[in-house]
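S.K.: I'd like to ask some things about the structure below.
We did not get these values from a lab; they are worked out from the coordinates using the rules stated. Small disclaimer: the values here were computed from a predicted structure and weren't measured. As a convention, Cβ positions derive from the backbone with ideal geometry for all residues, glycine included, and neighbour counts pool all protein chains shown.
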Amino acid sequence: MALSLFLSGEDRWIISLIGAAIAAIFSAAVTHVMKNTGLPILTFPFIILTWFLLLTTYRLVTFKLSPELIPQDLSHWTLNIKGETNWLNGSINGIGQIFFLDNSLPGILLYIAVFSAGWKFGLYAIIGNAEALITSYCLGGEHNLIFMGLYGYNAILTIIGVSIVFKDDQRFAPLTGIFAACLTVPVTASMLTWLLPYGLPALTMPFVLCSWLFLGARKVLPLL
Ligand SMILES: NC(N)=O
């Protein structure tokens with residue numbers, strides 16, 4: 001999905017299919033490398049492979065980058081946080097952004113799907129997205145990013161991972177997940193800046209980093 005969206009040209013479909021096959025092999029390799037850490041690989045292979053393939057576009061003419069991804073010079077960067085504030089859209093869009101969707105209908109359908117998987121998943125998805133909205137707004141993030149859900153999707157994935165999927169019997173897992181989800185906001189802001197000169201999307205790297213941080217710390221601090 002990411003490659004077909006962020007590449008352009010007729011060949012992008014075939015490149016995306018080959019990329020998906022390589023992602024499966026890369027996931028197997030990363031699973032092997034990380035098996036002794038006790039940490040899940042999450043979406044790490046997908047992110048690294050996508051970044052690698054997008055960067056080939058600067059050297060190999062067969063690969064063409066989407067005009068949407070424009071590298072920017074940090075010395076000319078100006079932060080403009082002004083823009084429409086649409087809290088309803090912000091509440092729905094975060095979950096859609098997991099699948100690169102920024103319309104309300106897919107967002108509502110995804111919430112229904114997540115609630116069908118279990119009320120806890122749905123409730124934590126809502127809490128994670130609300131936290132990201134409030135934290136990014138209070139910290140002075142760009143309104144267009146906030147209300148398109150671009151801070152929300154990493155918070156949703158992180159709270160579900162830390163509080164539900166990868167918990168054993170930690171009493172404080174709900175609180176840990178809430179804290180981890182808040183942390184995705186500054187981590188996302190930082191990642192976006194790191195990647196600005198390359199024109200790359202942050203994808204789910206903030207989710208991977210914040211989840212590894214808390215799941216790893218849990219091995220030493222079991223109450224987390
Ligand atoms: N899944 C995303 N939006 O990276």
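S.K.: Could you tell me the relative contact order of the stretch 45-109? Use alpha-carbon pairs under 8 Å, at least six residues apart, and round to a whole percent. Could you put the intermediate results ahead of the total?
M.R.: Numbers: 23 pairs, mean separation 10.0, N = 65.
Answer for the stretch 45-109 is 15 percent.
S.K.: Which one of LEU223, GLY19, GLY149 is farthest out on the positive end of the charge dipole of the chain, using unit charges on Cβ (Lys, Arg +1; Asp, Glu -1) and the Cα centre as origin?
M.R.: Looking along the dipole axis, the top candidate is LEU223.
S.K.: While we're here: 5 Å is the cut-off here: which amide hydrogens, built 1.01 Å from N in the peptide plane, fall below it relative to SER8, excluding neighbours closer than 5 in sequence?
M.R.: Correct list: LYS64, LEU65, SER66.
S.K.: Rank THR85, THR50, THR184 by mean-square fluctuation in a GNM of the chain with C-alpha springs under 10 angstrom and give only the top-ranked residue.
M.R.: In this elastic network of the chain, the residue with the biggest mean-square fluctuation among THR85, THR50, THR184 is THR85.
S.K.: Let me know the volume per residue of the alpha-carbon convex hull for the stretch 30-101, in Å³. Provide the component values of the computation, followed by the final result.
M.R.: Details: hull volume 14.3 nm³, N = 72.
Enclosed volume per residue, from the Cα hull, is 199 Å³.
S.K.: At 0.36 nm per residue, minus the direct Cα-Cα distance, what do LEU5 and ALA113 gain on full extension? Give it in nm, one decimal, please. Could you put the intermediate results ahead of the total?
M.R.: Numbers: separation 108, 0.36 × 108 = 38.88 nm, distance 2.36 nm.
That works out to 36.5 nm of additional length.
S.K.: I need the helices of the chain that pass two filters: whole DSSP H segments spanning 24 Å or more by Cα along the axis, and mean Kyte-Doolittle score no lower than 1.6.
M.R.: Details: long enough: 12-34 (31 Å, 1.69); 119-138 (28 Å, 0.75); 173-195 (31 Å, 1.50).
Span-like helices, by this rule, are 12-34.
S.K.: In a Gaussian network model over the chain where Cα atoms closer than 10 Å are linked, find which of ASN129, ASN93, ASN103 has the largest mean-square fluctuation.
M.R.: ASN103
S.K.: Per DSSP H run of n ≥ 4, the term is -39500 (n - 2.57); total these for the chain, divide by its residue number, and report the mean residue ellipticity at 222 nm rounded to 500 deg cm²/dmol. Spell out each step's value before the answer.
M.R.: Values: 10 runs with 138 residues, N = 224.
Calculated from helices alone, the mean residue ellipticity at 222 nm is -20000 deg cm²/dmol.
S.K.: For the stretch 1-134, state the average projected area of the convex hull of the C-alpha atoms over all orientations, rounded to one decimal in nm². Write out the running numbers ahead of the final one.
M.R.: On the way: hull surface 46.7 nm².
Mean orientational projected area (the stretch 1-134, Cα hull): 11.7 nm².
S.K.: Of PRO197, PRO67, PRO186, which has the largest mean-square fluctuation in a 10 Å C-alpha GNM of the chain?
M.R.: Maximum fluctuation in the GNM of the chain, among the listed residues, is at PRO67.
S.K.: Treating the beta-carbon of each Lys and Arg as +1 and of each Asp and Glu as -1, no other charges, what is the dipole magnitude of the chain about its Cα centre, to the nearest 20 debye? Working shown, then result.
M.R.: Values: 10 positive and 10 negative charges, 114 e Å.
Roughly 540 debye for the chain.
S.K.: As a test of understanding, state the convex hull volume per residue of the stretch 78-224 from its alpha carbons, in Å³. Present the calculation step by step, with values, prior to reporting the outcome.
M.R.: On the way: hull volume 15.0 nm³, N = 147.
Convex hull of Cα atoms, per residue: 102 Å³.
S.K.: For the chain, calculate the relative contact order in percent as a whole number, restricting contacts to Cα pairs under 8 Å that are 6 or more residues apart. Intermediate results must be reported in sequence, preceding the final value.
M.R.: On the way: 312 pairs, mean separation 45.8, N = 224.
The value is 20 percent.
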